[in-house]
1. Just one of Gly181, Gly250, Gly255 is within 12 Å of ligand 1 (Cβ to nearest atom), on the phi > 0 side of the Ramachandran plot and surrounded by 17 or more Cβ atoms within 10 Å (Cβ to Cβ); which is it?
2. Within region 286-299, which residues are in contact with a helix residue (DSSP H, G or I) (Cβ under 8 Å, 6 or more places away or on another chain), of a type outside the set (Phe, Trp, Tyr) and either part of a helix (DSSP H, G or I) or at positive phi (or both)?
3. Filter region 175-190 for residues that are at pLDDT 95 or above and in a loop (DSSP other than H, G, I, E, B) and give the result.
4. I'm trying to understand the selection: among the residues of region 60-86, which are outside any loop (DSSP other than H, G, I, E, B) and in contact with an Asp or Glu (Cβ under 8 Å, 6 or more places away or on another chain)?
5. Of everything in region 358-376 that's part of a helix (DSSP H, G or I) and modelled with pLDDT of 70 or more, which residue is surrounded by the fewest Cβ atoms within 10 Å (Cβ to Cβ)?
6. Specify which of the listed residues (Ala244, Ala208) is surrounded by fewer than 22 Cβ atoms within 10 Å (Cβ to Cβ), farther than 27 Å from His117 by Cβ and touching a Cys at 6+ places or on another chain (Cβ under 7 Å).
7. I'm trying to understand the selection: among the residues of region 45-102, which are more than 16 Å from ligand 2 (Cβ to nearest atom) and touching a strand residue (DSSP E or B) at 6+ places or on another chain (Cβ under 6 Å)?
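The values are calculated or read from the model by the stated rules, or taken from the named source; none is laboratory data. From a predicted model like this one, the values you see are computed outputs, not experimental measurements. Positions of Cβ are backbone-derived with ideal geometry, glycine not excepted, and every protein chain shown enters the neighbour counts.
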Amino acid sequence: MTNKLINKSTINYPDLVQKIKCWGKELGFSGLGITDIDLSAHEQALAKWLANGYHGNMDYMARHGLMRARPAELEPGTVRVISVRLDYLPTNAKCAHVLKSKDHAYISRYALGRDYHKLMRKRLQQLGKKITHYCEDYNFRPFVDSAPILERPLAAKAGLGWVGKHSLLLNKEAGSWFFLGELLIDIPLPVTTTQTTQPDNDCGSCVACLKICPTKAIVEPYVVDARRCISYFTIESPDPIPLALRPLMGNRIYGCDDCQLICPWNKYAKLSQEDDFQARHQLDQVSLLSLFSWQEQDFLHKLQGSPIRRIGFHSWQRNIAVALGNAPYGEEIVTALQEKLSSANALVAEHINWALAQQASKKASSEDNQDANSRLNARLIRAIEKGLPREA
Ligand code: B12
Ligand code: SF4
Ligand code: SF4
């Protein structure tokens with residue numbers, strides 16, 4: 001690294017781009033690209049998505065409107081975006097095993113370890129500082145999953161992959177199990193790809209993610225109605241979970257990975273090298289009853305540093321109650337639900353009562369409900385067993 005400060009007007013751009021790529025690697029990013037800030041090709045799709053109300057009660061999405069497609073309005077002076085990828089798939093996390101066990105909790109693979117926001121923002125900040133050491137008189141602003149920016153279209157333009165039909169960014173060598181982050185900067189760096197709007201799309205005729213989605217949230221290729229997505233109503237929304245969607249949730253208590261688990265490109269996914277993303281407290285293979293027995297202080301203590309903590313204890317209990325309702329009939333389950341009822345708030349109590357009714361009807365019909373969700377799980381498990389990289 002050079003210590004000599006260079007003025008913006010005398011920058012050796014190819015040299016700086018090489019350095020940025022090296023610094024990105026040193027900081028542990030799995031991929032890095034540079035793009036201009038023209039997202040005009042995406043404004044119409046974004047406006048339509050909002051007009052359809054697909055953002056549900058995520059008001060911040062609507063609040064920023066088309067500004068989300070205009071980085072220079074968010075950070076005046078911005079002319080380039082450095083887009084980075086960080087792989088998160090934990091090394092030993094079980095998927096098929098947990099989806100098979102309906103009395104176990106399925107937690108999205110991205111949330112089994114520590115929260116990625118802090119880690120990525122810190123590293124983007126470090127990347128920005130390294131550039132500052134090289135070149136004086138320059139401004140940067142890091143973004144990670146912040147509402148006001150269209151991260152996937154930017155990453156696609158920067159050459160990090162293409163937007164798949166499930167709407168996530170996919171990469172031929174790395175699948176989709178990665179986070180995205182950006183550094184907005186005011187240096188006119190050369191861009192790392194010549195793509196103007198849509199990059200090559202390697203989904204081809206595949207529609208596996210649309211078919212497998214338990215709640216049919218992918219309403220058309222590339223478009224997700226968040227209100228139907230399990231990730232939305234188990235993580236983002238503090239409201240009651242819609243009755244029609246509860247049985248389809250199965251044992252997924254925090255987010256959902258089905259559209260990624262089924263995707264053939266995830267055969268090429270890379271396992272994460274980050275300690276922070278490895279599963280903690282055996283969250284990858286824990287029973288629903290064990291999680292339901294937690295008091296609020298257990299939730300706060302055990303999930304310190306985890307993204308799950310953000311949803312709060314009541315949403316956590318709400319989600320587990322629904323999953324217990326979806327589990328096969330069990331006396332232990334009924335007892336646990338009844339025991340929690342007296343201390344539950346109105347939201348959780350309503351979900352517990354729903355779960356008790358589900359358990360009662362399963363007891364009444366002697367055979368265990370082979371509902372749509374378990375059939376979906378069976379298909380998914382077969383697909384996973386065929387070829388994901390990490391399942392032992
Ligand atoms: C809101 C949000 C959600 C919402 C809405 C999801 C959605 N698909 O929009 C909910 C809560 C449902 C959600 C769920 C998940 N999310 Co989320 N989410 C976001 C957030 C904050 C904004 C996304 C957004 O702007 N949506 C609005 C729509 C309009 O934007 P868009 O999907 O990018 O759409 C554009 C392109 O698809 C484009 N497009 C591209 N090609 C094509 C082709 C055609 C033909 C068309 C019509 C359009 C089109 O058109 C649109 C307009 O520009 C981003 C972070 C960010 N700031 O971008 C993370 C982000 C997208 N989420 C992420 C993740 C990991 C998830 C989950 C996997 C988490 C989980 N396991 O539960 C799920 C996946 C669900 C799914 N299939 O999308 C990652 C994705 C990483 C990746 N590899 O792509 C992100 C980037 C966060 C991050 N920093 O890493 N999420
Ligand atoms: S995360 Fe699950 S619910 Fe959401 S779109 Fe993907 S498969 Fe459907
Ligand atoms: S499952 Fe198929 S259609 Fe969906 S994102 Fe993957 S390759 Fe594309």
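1. Details: Gly181 fails: on the phi > 0 side of the Ramachandran plot; Gly250 fails: within 12 Å of ligand 1 (Cβ to nearest atom).
Just a single option satisfies the conditions, and that option is Gly255.
2. Leu288, Leu289, Leu291, Glu296
3. Ser176, Trp177, listed by residue number.
4. Here is the first cut: in region 60-86, the ones outside any loop (DSSP other than H, G, I, E, B) are 60-63, 65-69, 71-74, 80-86.
Hits for region 60-86 are Leu66, Met67, Ala69, Arg80, Val81, Ile82, Ser83, Val84, Leu86.
5. Restricting attention to region 358-376, the residues satisfying the condition of being part of a helix (DSSP H, G or I) are 358-364, 372-376.
Now drop any that are not modelled with pLDDT of 70 or more, which leaves 358-364.
Values: Gln358: 22, Gln359: 22, Ala360: 11, Ser361: 12, Lys362: 20, Lys363: 12, Ala364: 8.
By that ranking, first place goes to Ala364.
6. Ala208 is the lone residue from the list that is surrounded by fewer than 22 Cβ atoms within 10 Å (Cβ to Cβ), farther than 27 Å from His117 by Cβ and touching a Cys at 6+ places or on another chain (Cβ under 7 Å).
7. Pro71, Glu75, Thr78, Arg80, Val81, Ile82, Ser83, Val84, Arg85, Leu86, Asp87, Thr91
Let's see how each residue does on (1) over 19 Å from the mean Cα position of the chain (by Cα); (2) assigned to a loop (DSSP other than H, G, I, E, B); (3) more than 16 Å from ligand 2 (Cβ to nearest atom); (4) free of Cβ contacts under 8 Å to residues at least 60 places away in the same chain:
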{"site": "Cys209", "(1), (2), (3), (4)": "no, no, no, yes"}
{"site": "Pro238", "(1), (2), (3), (4)": "no, yes, yes, no"}
{"site": "Ile253", "(1), (2), (3), (4)": "no, no, no, no"}
{"site": "Cys256", "(1), (2), (3), (4)": "no, yes, no, no"}
{"site": "Asn266", "(1), (2), (3), (4)": "no, no, no, no"}
{"site": "His301", "(1), (2), (3), (4)": "yes, no, yes, yes"}
{"site": "Ala323", "(1), (2), (3), (4)": "yes, no, no, no"}
